[in-house]
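See below for the structure under consideration.
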Amino acid sequence: MATVAAALEPWQAAAPRKRRSATRRPARREAAARGPEVDSEADSATVLRRIREAGEDLLLSDFWSSALETINRCLRKHQELLKTLVGTLPEALGNLHLDSSPDEPDVARDCTRGETGETLVTGACHLKCVCYGIGNFATCVIARNQLTFLLLFLEKCQIPRSHCCVYDPLFSQLEIAVLNTLGVTVLSENEEGKRSICGEPTVFYMLHCGTALYNNLLWSNWSVDALSKMVIIGNSFRGLEERLLTRILQKNYPYIAKIFKGLEELEFPQTPQYTDIFNDTSVHWFPAQKLKQLSADTWVFREEPDYQDCEDLEIIRKKTEDPSAGDSSSL
């Protein structure tokens with residue numbers, strides 16, 4: 001138990017140490033072949049230690065302060081555009097404290113520590129967070145850094161970890177145990193991104209996810225009221241517009257295709273240390289004023305996406321209840 005306890009101790013304000021360079025890998029998720037995992041205390045402690053080290057490196061990097069400022073700019077603009085919506089997103093965002101300061105005690109706080117023993121600002125509890133597709137952070141450097149950023153983002157925004165739902169079909173039992181230790185809420189079912197925010201202001205953290213996942217999320221919240229309360233940190237929608245043919249977008253991902261004119265986007269900064277980890281990442285929000293300017297026909301079409309004729313579908317589907325249908329969880 002001493003090993004785990006040590007991994008969960010608060011960070012100390014230490015002198016800057018030599019940064020470890022992030023491993024360059026071409027794929028977002030490397031489901032590396034590995035033998036049966038032993039869900040032991042030693043394994044959990046190792047993963048927690050690596051998350052802690054990744055957090056120390058991230059806090060020392062130029063990328064962290066630049067990315068935080070990008071998110072801050074987005075939230076400030078969003079709040080200004082939605083100041084007429086009393087009691088919803090502006091109220092929640094008004095409680096966020098994203099300005100970096102060397103005197104802030106949370107900067108040196110351990111991102112592997114749970115919420116016990118610390119009272120977070122309750123005013124920010126109206127804001128929710130959902131994370132999809134983080135990957136196998138126990139074995140993949142890219143996924144581990146992305147998880148670390150999420151933990152520090154929650155800390156900086158003063159969003160309780162219990163208000164953050166996390167899911168990836170690839171999570172191992174060890175990774176689920178680690179996430180439970182960290183205090184986030186691990187979803188038990190594959191929602192395929194089809195989560196309605198139900199009127200609650202929500203930040204979706206979806207780095208390097210398949211296009212269908214974003215399309216599903218938009219479909220589940222296809223209204224001015226819902227979309228205007230969402231922020232998505234994930235693949236650049238403008239990048240999708242540039243890479244995919246218009247006919248492919250309109251046929252396979254109609255909700256993404258229709259939302260471009262109702263979208264605001266800010267790109268994440270790019271630094272050599274984190275090029276493979278946060279590349280093609282932007283912060284997206286949907287100003288109510290822009291959404292209301294879209295044609296009425298935009299909101300009439302509400303068919304659920306099925307992707308039957310979509311090739312190279314980058315989404316892991318939830319398993320069918322019909323055993324004769326085989327395993328539908330493959331990519």
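Points worth noting:
- Considering segment 279-298, the residues that are part of a loop (DSSP other than H, G, I, E, B) and in contact with a helix residue (DSSP H, G or I) (Cβ under 6 Å, 6 or more places away or on another chain) include one that is surrounded by the fewest Cβ atoms within 10 Å (Cβ to Cβ), namely Leu294.
- Unique residue being within 26 Å of Phe149 (Cα to Cα), hydroxyl-bearing (Ser, Thr, Tyr), at pLDDT 90 or above and out of contact with any His (no Cβ under 7 Å at 6 or more places or on another chain) when the list is Ser228, Ser223: Ser228
- Residues within segment 207-229 that are within 22 Å of Cys157 (Cβ to Cβ) and surrounded by fewer than 21 Cβ atoms within 10 Å (Cβ to Cβ), tallied: 1
- Residue count, segment 149-177 (criterion: part of a helix (DSSP H, G or I), touching a residue at least 60 places away in the same chain (Cβ under 8 Å) and closer than 18 Å to Asn72 by Cα): 6
- Search result, residues across segment 178-224 that are hydrophobic (A, V, I, L, M, F, W, C), under 13 Å from Ile134 (Cβ atoms) and in a strand (DSSP E or B): Val186, Phe204, Met206
- Selection count, segment 154-184, where residues are more than 16 Å from Phe137 (Cβ to Cβ) and either surrounded by fewer than 17 Cβ atoms within 10 Å (Cβ to Cβ) or β-branched (Val, Ile, Thr) (or both): 2
- Flag for Pro269 being modelled with pLDDT of 90 or more, touching a Ser or Thr at 6+ places or on another chain (Cβ under 8 Å), surrounded by 14 or more Cβ atoms within 10 Å (Cβ to Cβ) and not in a helix (DSSP H, G or I): yes
- Top-ranked residue in segment 272-315 [being under 16 Å from the mean Cα position of the chain (by Cα) and polar (S, T, N, Q); ranked as farthest from Phe204 (Cα to Cα)]: Asn279
The values are calculated or read from the model by the stated rules, or taken from the named source; none is laboratory data. In this text the structure is predicted, and so the values were computed from the model without any measurement. Cβ atoms come from the backbone with ideal geometry, glycine included; neighbour counts cover every protein chain shown.
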